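Beneath this line is the structure, given in structure tokens, with notes to follow.
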Amino acid sequence: MKITVVGTGYVGLVTGTCLAETGNEVLCVDIDQAKVDMMQAGKVPIYEPHLDVLFERNIKAGRLTFTTDLHQGLDHGEIIFLALPTPKMKTAQPICPMSLGLLIRLAVTSRVTK
């Protein structure tokens with residue numbers, strides 16, 4: 001299955017790598033070009049025990065790839081996971097402008113491209 005994961009922090013990168021390990025073709029999308037370049041070069045930008053082994057294996061197998069191009073991610077994924085930061089207000093209530101903004105872009109893009 002072709003899966004897109006938007007966001008390559010602890011949740012997104014681990015999710016994407018594990019989904020690739022189970023045989024899926026995973027494209028991870030992130031807005032940070034330097035981070036994407038690092039991952040494309042085979043370097044893991046976070047620490048999670050044993051993630052480096054799975055990461056390397058799936059990059060070599062061609063099941064795990066990276067881009068900054070959201071449109072490419074939308075075209076790729078049969079399923080799209082959003083793994084974005086959820087900042088909190090002082091009252092501990094989540095505020096989700098990043099997620100909401102991305103959802104609006106996804107909705108507009110999908111309507112325009114269909």
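The values are calculated or read from the model by the stated rules, or taken from the named source; none is laboratory data. These figures come from a predicted structure and were not determined experimentally. Glycine gets a Cβ as well: all are built from the backbone with ideal geometry, and neighbour counts include every protein chain shown.
Quick one: would you say K90 is charged (D, E, K, R), at pLDDT below 95 and either touching an Asp or Glu at 6+ places or on another chain (Cβ under 9 Å) or farther than 22 Å from K2 by Cα (or both)? Yes, satisfied. Taking the criterion of being assigned to a loop (DSSP other than H, G, I, E, B), in contact with a helix residue (DSSP H, G or I) (Cβ under 9 Å, 6 or more places away or on another chain) and either over 17 Å from P85 (Cβ atoms) or of a type in the set (A, V, I, L, M, F, W, C) (or both), the only residue of the range 1-23 that qualifies is M1.
Do the conditions hold for G73, that is, is it surrounded by 17 or more Cβ atoms within 10 Å (Cβ to Cβ), at pLDDT below 95 and either in a helix (DSSP H, G or I) or hydroxyl-bearing (S, T, Y) (or both)? The answer is yes for G73. Scanning the range 27-50 for residues that are within 15 Å of V14 (Cα to Cα) and hydrophobic (A, V, I, L, M, F, W, C) returns L27, C28, V29, V36, M39, V44, I46. Please verify whether V108 is modelled with pLDDT under 90 and either of a type in the set (V, I, T) or assigned to a loop (DSSP other than H, G, I, E, B) (or both), treating the condition exactly as stated. So V108 fits the description; yes.
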